[in-house]
Amino acid sequence: MYNSEHVARRGALIVLEGLDRCGKTTQCGRLVSFLEGRGLPVEAWRFPDRNTAIGKMISSYLMNNTQLDDQTIHLLFSANRWEKRLLMENKLRNGTTLVVDRYSYSGVSFSASKGLDVNWCKAPEKGLIAPDLVIYMDISPEEAAKRGSYGIERYEQLDFQKKVAHSYQILLDTTWKVIDASLSLELIENQIQELALETIESCPKMPLSSLWIGD
Ligand code: Z5A
Ligand code: MG
């Protein structure tokens, strides 16, 4: 027989966002290791998830091997999140915290930077699970570009990254936690750990909610 003490606490949905090379993947890895070290159930996730059939189409597009119009690739990125929504929900409800490298905000920012309407871009994201914590790793496009030459993937160009930086500012709201991503790895890591622990502690009191419903 379960009583309330035995009901699993839900996990937190923690999302890291920011420009190319701001350090998202590095910090997601460090945060997951830190939380595992504390004995907390946690998994590292990333979007796009290039392992699915849709993810493979996205990957091919990013590597400039296939051409798609802007609307089509936008909807594929969104579908790539939708195909994972139920699994995410189950994991969160079972108490696993998910640390996610890019989410819907990347989807809208990148597509809006190509000139698509922001509200059109948001529409297919509505109803995905709303994050409990969005950390925006703030760095100028010029500073990020100094972190080694850009690779061969689409979007890895300074001019485009400047537009993406502008698009993120349109989405940014007061719930986001903005971190100076030009600081040292350790200083950033400490701030992220603190924010994550606070969120994991407080989020079980809040029900899971949906992204951008009512916008
Ligand atoms: N995209 C989209 O259009 N629509 C969508 O819905 C989604 C994505 C989800 C693939 O993303 C592309 O898809 C992406 C957006 C678009 N295109 N772009 N640009 P991705 O996530 O696969 O991209 P990535 O290859 O992982 O790169 P990244 O995410 O842009 O980089 P990062 O993860 O932020 O940075 P990092 O790999 O952790 O670090 C970069 C380098 O900087 C590395 O050498 C680190 O050692 C160094 N680094 C990190 N932190 C620091 C600090 N604090 N100081 C100094 N050096 C540092
Ligand atoms: Mg990355």
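May I ask you to verify whether residue 145 is within 16 Å of ligand 2 (Cβ to nearest atom) and either in contact (Cβ under 8 Å) with a residue 40 or more places away in the chain or closer than 28 Å to residue 59 by Cβ (or both)?
Numbers: within 16 Å of ligand 2 (Cβ to nearest atom): yes; either in contact (Cβ under 8 Å) with a residue 40 or more places away in the chain or closer than 28 Å to residue 59 by Cβ (or both): yes.
So residue 145 fits the description; yes.
Could you list all residues from the stretch 183-195 that are open to solvent by less than 60 Å² (accessible area, probe 1.4 Å) and either within 16 Å of ligand 2 (Cβ to nearest atom) or touching a helix residue (DSSP H, G or I) at 6+ places or on another chain (Cβ under 6 Å) (or both)? Talk me through it step by step, then tell me what you get.
Filtering the stretch 183-195 for residues open to solvent by less than 60 Å² (accessible area, probe 1.4 Å) gives 184, 188-189, 192-193, 195.
Listed by number, the residues that qualify are 188, 189, 192, 193.
Would you please name the residue that is modelled with the lowest pLDDT, looking only at residues in the stretch 137-162 that are polar (S, T, N, Q) and outside any helix (DSSP H, G or I)?
Of all residues in the stretch 137-162, those polar (S, T, N, Q) come to 140, 149, 157, 161.
With the extra rule that they be outside any helix (DSSP H, G or I), the set shrinks to 140, 149, 157.
On the way: 140: 97, 149: 73, 157: 92.
Taking the candidates together, the pick is 149.
Could you check the stretch 1-108 for strands (runs of 3 or more DSSP E) lying wholly inside it with 2 or more residues that are among the small types (Gly, Ala, Ser)? Steps first, please.
Values: elements: 13-18, 42-46, 97-101.
Fully inside the stretch 1-108 and qualifying: nothing.
Checking the structure you have, find out if any residue of the stretch 203-212 is hydroxyl-bearing (Ser, Thr, Tyr) and not in a loop (DSSP other than H, G, I, E, B). Break it down into steps so the answer makes sense when it comes.
We begin by selecting, within the stretch 203-212, every residue hydroxyl-bearing (Ser, Thr, Tyr); these are 209-210.
Retained after the next criterion (residues that are not in a loop (DSSP other than H, G, I, E, B)): 210.
Yes, that holds for at least one residue.
Collect the residues in the stretch 197-215 that are touching a residue at least 24 places away in the same chain (Cβ under 8 Å), closer than 23 Å to residue 120 by Cβ and not acidic (Asp, Glu), keeping them in residue-number order.
Within the stretch 197-215, 209, 210, 211, 212, 213 meet the criteria.
Checking the structure you have, find out if any residue of the stretch 77-86 is away from ligand 1 (no atom under 14 Å from the Cβ), of a type in the set (S, T, N, Q), without any contact (Cβ under 8 Å) to a residue 60 or more places away in the chain and more than 25 Å from residue 193 (Cβ to Cβ).
No, the stretch 77-86 contains no residue that is away from ligand 1 (no atom under 14 Å from the Cβ), of a type in the set (S, T, N, Q), without any contact (Cβ under 8 Å) to a residue 60 or more places away in the chain and more than 25 Å from residue 193 (Cβ to Cβ).
If residue 70 satisfies all but one of (1) out of contact with any helix residue (DSSP H, G or I) (no Cβ under 8 Å at 6 or more places or on another chain); (2) away from ligand 2 (no atom under 15 Å from the Cβ); (3) charged (D, E, K, R), what's the number of the condition it fails?
Unmet for residue 70, out of (1) out of contact with any helix residue (DSSP H, G or I) (no Cβ under 8 Å at 6 or more places or on another chain); (2) away from ligand 2 (no atom under 15 Å from the Cβ); (3) charged (D, E, K, R): (1).
Filter the stretch 163-192 down to the residues that are without any contact (Cβ under 8 Å) to a residue 24 or more places away in the chain and either in a loop (DSSP other than H, G, I, E, B) or under 26 Å from residue 211 (Cβ atoms) (or both) and list them by number.
As a first pass, look at the stretch 163-192 and keep what is without any contact (Cβ under 8 Å) to a residue 24 or more places away in the chain: 169, 173-174, 183-184, 186-187, 190-191.
Selection gives 169, 173, 174, 183, 184, 191.
The values are calculated or read from the model by the stated rules, or taken from the named source; none is laboratory data. Because the structure is predicted, anything quoted here is derived from the model rather than measured. Quick reminder, even Gly has a Cβ in these numbers, built from the backbone with ideal geometry, and neighbours come from all protein chains shown. Keep in mind that these areas ignore ligands, DNA and RNA; they rest on the heavy atoms of the full protein, side chains included. Shrake-Rupley method; radii C 1.70, N 1.55, O 1.52, S 1.80 Å.
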